Amino acid sequence: MEKELTSKESLELITQMISKAKKTAGGDGGFQMLLWGWAVSLCNFGHYILAKLEYDAPYVVWTALIPVVGVSIWHGFKKPRQTGVRTHLDSVLNQLWLMVFIGIIIVLAFMSQLNFYQNPVILILASIGVFTTGAMVKEKLIKFGGVFLMVAALISFFMPITEQYLVAGIAIVIGYLVPGYTLKKG
């Protein structure tokens, strides 16, 4: 015979379920935000440092993202198999981030047409993804990360190209890593 829950127990159960849904929908406890946050911020800082040191090819640091793409895809396929559950929210968020990723690839392919001001455009795309994720999982700190990324994009448009890498690195730390660690802790 099933035990009937008190209203307090029902509320606790619902709260736990919402918290778990936020955690998994936000990239498996923030995994994707942390993975991409660390990788992209380190590449931005690396590019900035190498450019300041007048290294001929500071962009070489970005090749570090190749294995990150693989890890991200592998984790994305592994997650639903482990939990056995794929919610509508998971599906919508995956589609959102797929389109953000495709948008970033297109921006990178046309960097020269953008006079190498790709960082602000990429920050705008990331902002949309982060803010929308925060809105969908109802986490104010994630939404704040999206707003912060948008402000950083605006600032970047007024900066020299090399300085944009520093701004982007800082923006990714605050816009991705802070919310990512919050999700992980949550």
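Scan region 105-125 residue by residue and report those that are in a helix (DSSP H, G or I) and either in contact with a Phe, Trp or Tyr (Cβ under 7 Å, 6 or more places away or on another chain) or more than 14 Å from V167 (Cα to Cα) (or both).
Those that are in a helix (DSSP H, G or I) and either in contact with a Phe, Trp or Tyr (Cβ under 7 Å, 6 or more places away or on another chain) or more than 14 Å from V167 (Cα to Cα) (or both): I105, I106, V107, L108, A109, S112, Q113, L114, N119, P120, L125.
Please specify each residue of region 44-78 satisfying the condition of being loosely packed, with under 11 Cβ neighbours inside 10 Å and among the small types (G, A, S). Hits for region 44-78 are A57, G70.
For the criterion of being part of a helix (DSSP H, G or I) and surrounded by fewer than 20 Cβ atoms within 10 Å (Cβ to Cβ), L149 fails.
To keep it simple, each residue is scored yes or no on (1) at pLDDT below 75; (2) more than 22 Å from the chain's Cα centre (by Cα).
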residue: L5; (1), (2): yes, yes
residue: G27; (1), (2): yes, no
residue: L35; (1), (2): no, no
residue: A39; (1), (2): no, no
residue: C43; (1), (2): no, no
residue: L50; (1), (2): no, yes
residue: T87; (1), (2): no, no
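The values are calculated or read from the model by the stated rules, or taken from the named source; none is laboratory data. These numbers were taken from a predicted model, which means no experiment stands behind them. As a convention, Cβ positions derive from the backbone with ideal geometry for all residues, glycine included, and neighbour counts pool all protein chains shown.
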